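**Q** Just dropping this structure here.
Derivation of every value follows stated rules applied to the coordinates shown; laboratory data play no part. Model, not experiment: these values are computed from the prediction. So basically every Cβ, Gly included, is an ideal-geometry build from the backbone, and we count neighbours across all protein chains shown.
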Amino acid sequence: MVTRSLLVGSGAYLPSRVVTNDELAQTVDTSDAWIRERSGIEERRFAAPGELTSDLAIAAARRAVEDADIDPAALDLIVLATATPDHTFPATAAKVQAALGAFGCIAFDIQAVCTGFLYALATADAYVRVGQARTALVIGAETFSRILDWEDRATCVLFGDGAGAVVLRAGAGQGDATERGILSTHLHADGRQHDLLYVDGGPSSTQTTGYLRMQGKEVFRHAVANMAQVADEALQANGMSIDDLDWLVPHQANQRILDGTARKIGLSADKVISTVARHANTSAASVPLALDEARRDGRIRPGQLVLLEGMGGGFTWGSALIRL
Ligand code: ACO
């Protein structure tokens, strides 16, 4: 018998304030047409003043716990992926733990920017598989609106705020690919690309939070190549082909990156879950937000094979192949 992490619940939360491209164009030198054409984004959500990453995370976590129908006290582990924590320390995961009443369980943050949710999921999966946790909560939560430079139109139009979460529970099986659970995870990083996508501040360097900086064209090129590579890697590792896949839930950076990746791996566009038009890029929150939406609207169904994947600053990239 082998132990596998079963995905038994999901939840999401978006701040109520919708910001359209036209609204942005009132203060930024841009247009709805430019943003749509280059990114596919139509609108995004921004957290209200005083609404923090932890507030978004707690709301998403409560919905995931409810969906999984578990008592939060049963949680052994909370892993929260964010690049926009409430504070430099302690971890935002600790605030979530307190709000849920899961006192005493392990709680920490993970920082891999837009790949953060995949890093967090892979970490939680490892805890479950070695028996150090039976029930785990994995969250991606961000308030990227707080680190955008409103003078830099090439970046500030691309991002939004939100949170998504999943609950994992240990399940025993034969280890067959037809059985439910996380089949494999694959993580990568290449720190040589650090300066193509970064924030120009931090406690040790400037003692400020800093703003997001990006060389868009270079990021685009790497994003398609890395997302395609890690998709192929996941399928190969499980002896599967692209035809076995029911759904791809990629990091929602840009519709053109989603389309380019699907083309490169030979997947038809109607198997790609896309929320980028309404959410924009919510970094670590984008994959669990998209996954939760597609589970709740009935597109992703139990038993289907789903590939989650992400790519972000670092560079980092990764995937998780899951039988739902
Ligand atoms: N509105 C209007 N014009 C703009 C805007 C804007 N918001 N931003 C840039 N422009 C102008 C530029 O000034 C430039 O004008 P010029 O030709 O007169 O100099 C022109 O548009 C073209 O600019 P480029 O930067 O060459 O535009 P490009 O076609 O590369 O598109 C974009 C930019 C959308 C950022 C693209 O490079 C991209 O999608 N990159 C991927 C980045 C991404 O999605 N990152 C997310 C984070 S990473 C991740 O999550 C994987």
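**Q** What helices does the chain have that are whole DSSP H segments, at least 20 Å long along their own axis by Cα, and with mean Kyte-Doolittle hydropathy of -1.0 or more?
**A** Numbers: long enough: 53-68 (22 Å, 0.14); 116-130 (21 Å, 0.95); 216-237 (31 Å, -0.05).
Taking the DSSP H segments of the chain (at least 20 Å long, mean hydropathy at least -1.0), we get 53-68, 116-130, 216-237.
**Q** Considering only DSSP beta bridges where both residues belong to the chain, give the percentage that are antiparallel (nearest 5). Numbers along the way, then the final one.
**A** On the way: 44 of 60 bridges.
Within the chain, antiparallel bridges account for around 75 percent of the total.
**Q** Of all trypsin sites (Lys or Arg not before Pro) in region 60-162, which ones are in loop regions per DSSP and have a Cβ with at most 12 other Cβ atoms within 10 Å?
**A** Passing sites in region 60-162 do not exist.
**Q** OK, next. Which one of A47, P85, Q26 is farthest out on the positive end of the charge dipole of region 25-85, using unit charges on Cβ (Lys, Arg +1; Asp, Glu -1) and the Cα centre as origin?
**A** Of the listed residues, the answer is Q26.
**Q** Here's another thing I want to ask about it. At q = 0.21 Å⁻¹, what base-10 log of I(q)/I(0) does the Debye formula yield for region 29-158 when every alpha carbon is treated as an equal point scatterer in vacuo?
**A** After summing over all Cα pairs, the log10 values are -1.19.
**Q** Mind jotting down a quarter of the surface of the convex hull over the alpha carbons of the chain, in square nanometres, one decimal? All intermediate terms of the calculation are to be shown ahead of the outcome.
**A** On the way: hull surface 61.2 nm².
Average projection, Cα convex hull of the chain: 15.3 nm².
**Q** Please report how far the C-alpha centroid of region 246-324 lies from that of region 135-199, rounded to the nearest whole angstrom.
**A** So the two Cα centres are separated by 11 Å.
**Q** Now for a different question. Can you give the FRET efficiency for S241 and V130, using 1/(1 + (r/R0)^6), R0 = 30 Å, r = Cβ-Cβ distance, to the nearest 0.05? Before the final figure, lay out the partial values.
**A** Details: r = 30 Å, r/R0 = 1.00.
That pair, S241 with V130, gives E of 0.50.
**Q** Now, a different point. Tell me the net charge near D22. Cut-off is 13 Å between Cβ atoms, D22 excluded, with +1 for each Lys or Arg and -1 for each Asp or Glu. Numbers along the way, then the final one.
**A** Details: positive: R36, R44; negative: E23, D32, E42, E43.
Taking every Cβ under 13 Å from that of D22, the sum is -2.
**Q** Something else now. In angstroms, what radius of gyration and Dmax does region 253-316 have, counting Cα atoms only?
**A** Radius of gyration, then largest Cα-Cα span, for region 253-316: 12.0, 34 Å.
**Q** Sticking with this structure for a sec: Most exposed first by the Cβ proxy, i.e. fewest other Cβ within 10 Å, how do S274, S54 rank?
**A** On the way: S274 19, S54 26.
If I rank by nearby Cβ atoms, fewest first, I get S274, S54.
**Q** Over the Cα atoms, compute the radius of gyration (one decimal) and Dmax (the largest Cα-Cα distance, rounded to a whole number) for region 181-323, in Å.
**A** 15.7, 50
**Q** How do C105, C114 rank when sorted from fewest to most other Cβ atoms within 10 Å of their own Cβ?
**A** Working: C105 19, C114 32.
Starting with the residue having the fewest Cβ neighbours, the order is C105, C114.
**Q** Share of antiparallel DSSP beta bridges in region 70-194, in percent to the nearest 5? Numbers along the way, then the final one.
**A** Working: 9 of 19 bridges.
Approximately 45 percent, going by the DSSP bridge assignments.
**Q** Going by how many other Cβ atoms sit within 10 Å of their own, how do T20, T275 line up, fewest first? Walk me through the numbers on the way to the answer.
**A** On the way: T20 14, T275 21.
The order, fewest Cβ neighbours first, is T20, T275.
**Q** Using packing as a proxy for protection, rank 251-264, 229-242 so that the peptide with the highest average count of other Cβ atoms within 10 Å comes first.
**A** 251-264, 229-242
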